[in-house]
Amino acid sequence: MIRLFCIANRNARRFRKYPELLKNLERFFPTTAGKLCLTSTLAEAENAFELAARDRPDTIILCGGDGTLHHALNRLIALYQGDPLPKILIIPAGTMNVVFHSLPKNRSRQELDFEHIFHELVANQTKSKTALPLAKCNDTFGFIFGIGGFANFVNWYRNCPDPTPTRAIRLVTQLMIGKAMGFESAKRIFAAFSAKIHEDGQMQPTTTYRSISYSCVSHIGFRFHLYPDAQTENKKLGSFNLRGSETNLFFHTPVFFMNKKPKSKAFDQRAIDTADIKLEEAQRWMMDGEMFPAETSFAIGKGPTLTFV
């Protein structure tokens with residue numbers, strides 16, 4: 001019988017908004033096939049990660065958003081001490097669920113239909129598997145890394161009351177209007193900064209950027225594909241570095257929805273294995289929506305390849 005270990009973040013947005021979903025999770029979880037850990041604090045989450053690493057289940061189920069997934073995978077990788085992680089199944093209960101939407105569609109998980117989800121798992125009817133190499137920045141693993149404009153926007157979004165996908169769309173509109181009207185707040189989001197970048201050992205000619213980011217998934221939400229070189233057969237990371245005016249980003253929006261590269265010198269987009277970034281001035285950086293303290297040096301590469309079911 002398949003052995004399951006489910007970790008659910010009680011604070012995930014969909015659980016807070018619809019408490020009955022959490023009750024259904026507890027009701028339908030097959031206790032004979034594994035363990036269910038409901039967490040509300042970092043201490044409870046850490047205890048759940050340690051139990052999972054000790055029990056070594058066949059599949060770990062993570063219920064939450066991208067932030068929950070980021071924290072869980074980093075702790076599990078550390079606790080497994082170099083051993084491969086089990087298969088990972090994501091239940092999109094958070095505010096932003098970019099990684100979930102980067103994987104093959106699954107209606108029952110999208111709707112948090114726990115009765116159907118667990119029936120499939122116990123009956124071993126989950127056939128779809130996706131191997132995905134994680135991105136890595138210094139000693140942190142994740143999916144989407146950014147500094148500059150992209151990271152600043154994510155930080156702005158996260159500091160808004162009740163951040164939701166709808167709120168993100170409103171902020172993009174607000175940013176565009178503010179830029180057109182010359183508001184300083186809008187200018188600061190995509191302010192130019194100096195950086196030297198080596199990609200796969202090759203020095204990039206540009207030293208002025210407005211945003212630098214790398215990803216192992218092709219889009220950042222809303223099917224807005226900034227990284228068409230990610231999630232391809234070559235298993236490389238995709239780069240998206242904005243060096244021209246931020247207006248170019250908005251002007252080429254339709255192209256990004258088509259998962260194509262715009263024909264513009266304002267963007268650097270390519271498939272890479274490694275990147276080394278040196279900044280003149282320290283900046284905070286972002287991984288999977290989480291903000292980290294300011295640094296001047298970033299070593300980008302690929303982490304372990306995980307299997308998502």
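No value in this document is a laboratory result; all are computed from the given coordinates. Just so it is clear, the model here is predicted, and its values are computed rather than measured. For neighbour counting, all protein chains shown are included, and Cβ atoms are generated from backbone atoms with ideal geometry for every residue, glycine included.
Would you please classify the overall shape of segment 4-128 from the alpha carbon gyration tensor, given that a ≥ b ≥ c denote the square roots of the eigenvalues, rounded means a/c under 1.5, and beyond that prolate means a/b larger than b/c while oblate covers the rest?
Because its axes are fairly even, with a/c under 1.5, segment 4-128 counts as rounded.
Fewest Cβ neighbours within 10 Å first, please rank Met291, Met258 accordingly. Write down the numbers at each step before the final one.
Numbers: Met291 15, Met258 11.
The most exposed by this proxy come first: Met258, Met291.
Using only Cα atoms and rounding to the nearest 10 degrees, what angle (0 to 90) does helix 66-80 make with the longest principal axis of the chain?
Its long axis makes an angle of about 70 degrees.
Grab the Cα-Cα distance for Ser128 and Asn11, subtract it from 0.36 nm times how many residues apart they are, and report the gain in nm with one decimal.
39.3 nm
Applying 1/(1 + (r/R0)^6) with R0 = 25 Å to the Cβ-Cβ distance of Lys265 and Asn138, what FRET efficiency is obtained, to the nearest 0.05?
0.25
For Glu26 and Thr247, what does the FRET efficiency come to when R0 = 45 Å and r is the distance between their Cβ atoms, rounded to the nearest 0.05?
Given R0 = 45 Å and the Cβ-Cβ separation, E is 0.35.
Asp83 label point, 7 Å along Cα→Cβ, cut-off 19 Å on backbone N: hits in segment 291-306?
Hits in segment 291-306 for Asp83 at 19 Å: 304-306.
In this model, which of Lys129/Lys196; Lys261/Lys302; Lys105/Lys278; Lys105/Lys196; Lys127/Lys235 are farther than 32 Å apart at the alpha-carbon? Each step should come with its number before you reach the end.
Working: Lys129/Lys196 38 Å; Lys261/Lys302 22 Å; Lys105/Lys278 38 Å; Lys105/Lys196 39 Å; Lys127/Lys235 21 Å.
Cα-Cα > 32 Å for Lys129/Lys196; Lys105/Lys278; Lys105/Lys196; rest within.
Sort Ser264, Ser102 by Cβ crowding within 10 Å, fewest neighbours at the top. Can you show the working numbers first?
Numbers: Ser264 14, Ser102 23.
Least crowded to most crowded, the residues run Ser264, Ser102.
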